[in-house]
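Let me begin by presenting the structure, written as structure tokens, before commenting on it.
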Amino acid sequence: EEIVGEIDDEHDRAAPPLTRVQRPGEWVLGGGLHRDEVFDACGLELPDGPFETLAGFVLDTLGRVPEEGDAFDHGDWKVVVREMD
């Protein structure tokens, strides 16, 4: 028998949640969220395009790899890249 996968270590830092409310009307979302998860988290509907994730949407919109601090408007939403890893 084999067990495959990551093993948690009490010394490992916990991964940040993929979504959290920063303050009313402001969300922090992980780039790996699928378009449906983005909508479920905050109501932002990503347009049709060659991407399935929030990170892909940002990359497609900017036309380049985003950098921390990049921002753009999408309808009534302001999308800001807060952190890259």
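The values are calculated or read from the model by the stated rules, or taken from the named source; none is laboratory data. Treat the numbers as computed from the prediction; the structure is a model and nothing was measured. Positions of Cβ are generated from backbone atoms using ideal geometry, with glycine treated the same way; all protein chains shown enter the neighbour counts.
Against the criterion of being modelled with pLDDT of 85 or more, part of a strand (DSSP E or B) and surrounded by fewer than 12 Cβ atoms within 10 Å (Cβ to Cβ), residue 36 does not qualify.
Every listed requirement among (1) on the phi < 0 side of the Ramachandran plot; (2) out of contact with any helix residue (DSSP H, G or I) (no Cβ under 6 Å at 6 or more places or on another chain); (3) part of a loop (DSSP other than H, G, I, E, B); (4) not aromatic (Phe, Trp, Tyr) is met by residue 73 save one, (3). Within segment 1-33, the set of residues being surrounded by 10 or more Cβ atoms within 10 Å (Cβ to Cβ) and either more than 17 Å from the chain's Cα centre (by Cα) or modelled with pLDDT under 55 (or both) comprises 16 only.
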